[in-house]
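See structure below.
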Amino acid sequence: MNSELKVAIVQTALVWENPEENRRLLSYKIAAISADVDLVVLPEMFTSGFTMNPAEVAETMEGNTIVWLKKQAKVKQAVIIGSLVISENGKFYNRMVCVEPSGTITTYNKRHTFTLAGEHKVYTAGTEKVTFSYKGWKICPLVCYDLRFPVWARNVEDYDLIIYVANWPKIRIGAWDALLKARAIENMAYCIGVNRVGLDGNNFEYSGHSAAYDVLGNRLDIILENQDVVEMVSLDKAAIKKYREKLNFLNDRDNFTLEI
């Protein structure tokens, strides 16, 4: 078990609907990470940008991007995390994949499809919340619009880290900032949000604001607005134990069941 978890936050522009070029550019960014790293987190739909044309970019779980992710994870000896468009059983999913160096893959299908953009019309929503364990850390992966729904994220699994990958536009970035901090505080877990920068194929602008927060809502990183950058952040599991035992807030959480 690692008391310390080292995470690389990849805040980057994306080439519109071009998986091959995005893989090529991200390969350089991942290879350039010289520090020891346990997790590398990429934005939502990192092969294409937030497209409503899934047939143009969709892959299978045996496709080129999954093969690439396995290679990157093995070479870097780190978990690589991000979402992409997956075609399966005649449906399209905005699927977050968490690929370990061993080749083990944990997947999460985005539960809250973004109705404002019509995502619900072309992508099938997920129905299961997922956690996975790596080096003694329990991690909960979620995607973009999920951030607005705190009940879905509620820490009933005693996870240590919640990760959001996103294409969250600049015009609503204030909500992104506020909600990431809130998810950390209310769940007494580290919270990391990784957003893209630049313009997409619909001329929507993204300003990044990727961030990491500790269990008290303190920001841990120094990522600048609009920067195309890889930022390292170190998480300390002992701090989670310390504050959960001292404050006991999770002991007072409400019991509930979800209807999907």
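The values are calculated or read from the model by the stated rules, or taken from the named source; none is laboratory data. Only a predicted model underlies this, so the values are computations on that prediction, with no experimental measurement involved. Cβ sites come from the backbone with ideal geometry, for glycine too, and all protein chains shown count toward neighbours.
What strands (runs of 3 or more DSSP E), lying completely within segment 199-240, carry at least 3 residues that are surrounded by 14 or more Cβ atoms within 10 Å (Cβ to Cβ) and either of a type outside the set (Ser, Thr, Tyr) or out of contact with any helix residue (DSSP H, G or I) (no Cβ under 7 Å at 6 or more places or on another chain) (or both)?
Because the criterion is at least 3 residues that are surrounded by 14 or more Cβ atoms within 10 Å (Cβ to Cβ) and either of a type outside the set (Ser, Thr, Tyr) or out of contact with any helix residue (DSSP H, G or I) (no Cβ under 7 Å at 6 or more places or on another chain) (or both), the strands (runs of 3 or more DSSP E) in segment 199-240 that meet it are 229-236.
Would it be correct to say that Ile163 is surrounded by 16 or more Cβ atoms within 10 Å (Cβ to Cβ), within 25 Å of Val57 (Cβ to Cβ), out of contact with any Phe, Trp or Tyr (no Cβ under 7 Å at 6 or more places or on another chain) and β-branched (Val, Ile, Thr)?
yes
What number of residues within segment 25-65 satisfy the criterion of being surrounded by fewer than 18 Cβ atoms within 10 Å (Cβ to Cβ) and not hydroxyl-bearing (Ser, Thr, Tyr)? Walk me through how you get there before you give the answer.
So the first thing to find is which residues in segment 25-65 are surrounded by fewer than 18 Cβ atoms within 10 Å (Cβ to Cβ), and the list is 25, 27-29, 31-36, 52-53, 55-56, 60-64.
Adding the requirement that they be not hydroxyl-bearing (Ser, Thr, Tyr) leaves 25, 29, 31-33, 35-36, 52-53, 55-56, 61-64.
Looking only at that region, the number is 15.
All but one of (1) under 14 Å from Pro150 (Cβ atoms); (2) surrounded by 17 or more Cβ atoms within 10 Å (Cβ to Cβ); (3) within 18 Å of the chain's Cα centre (by Cα) hold for Ala182, so report the exception by its number.
Result: Ala182 passes all but (2).
Look through segment 1-14, keep the residues that are modelled with pLDDT of 95 or more and surrounded by fewer than 19 Cβ atoms within 10 Å (Cβ to Cβ), and return whichever of them is nearest to Asn195 (Cα to Cα).
My answer is Ala13.
Can you find, within segment 185-198, the residue that is surrounded by the most Cβ atoms within 10 Å (Cβ to Cβ) among those that are in a strand (DSSP E or B) and in contact with a helix residue (DSSP H, G or I) (Cβ under 6 Å, 6 or more places away or on another chain)?
To start, the set of residues in segment 185-198 that are in a strand (DSSP E or B) comprises 190-195, 197-198.
Going one step further and asking which of them are in contact with a helix residue (DSSP H, G or I) (Cβ under 6 Å, 6 or more places away or on another chain), we end up with 191, 193.
Numbers: Cys191: 28, Gly193: 30.
Out of the qualifying residues, it is Gly193.
Across segment 126-142, what is the number of residues that are more than 30 Å from Ala238 (Cβ to Cβ) and out of contact with any Lys or Arg (no Cβ under 6 Å at 6 or more places or on another chain)?
Qualifying residue count, segment 126-142: 2.
Can you name every residue in segment 141-173 that is in a helix (DSSP H, G or I) and farther than 20 Å from Val99 by Cα? Steps first, please.
First, the residues of segment 141-173 that are in a helix (DSSP H, G or I): 144-148, 150-153, 170-173.
Of everything in segment 141-173, those that are in a helix (DSSP H, G or I) and farther than 20 Å from Val99 by Cα turn out to be Tyr145, Asp146, Leu147, Arg148, Pro150, Val151, Trp152, Ala153, Lys170, Ile171, Arg172, Ile173.
Which of the residues belonging to segment 104-122 are more than 16 Å from the chain's Cα centre (by Cα), closer than 27 Å to Ala189 by Cβ and hydroxyl-bearing (Ser, Thr, Tyr)?
Within segment 104-122, just Thr104 meets the criteria.
Every residue, every condition in (1) in contact (Cβ under 8 Å) with a residue 40 or more places away in the chain; (2) out of contact with any strand residue (DSSP E or B) (no Cβ under 7 Å at 6 or more places or on another chain), yes or no:
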| site | (1), (2) |
| --- | --- |
| Leu42 | yes, no |
| Phe50 | yes, yes |
| Ala55 | no, yes |
| Glu59 | yes, no |
| Gly63 | no, yes |
| Ala73 | no, no |
| Gln77 | no, yes |
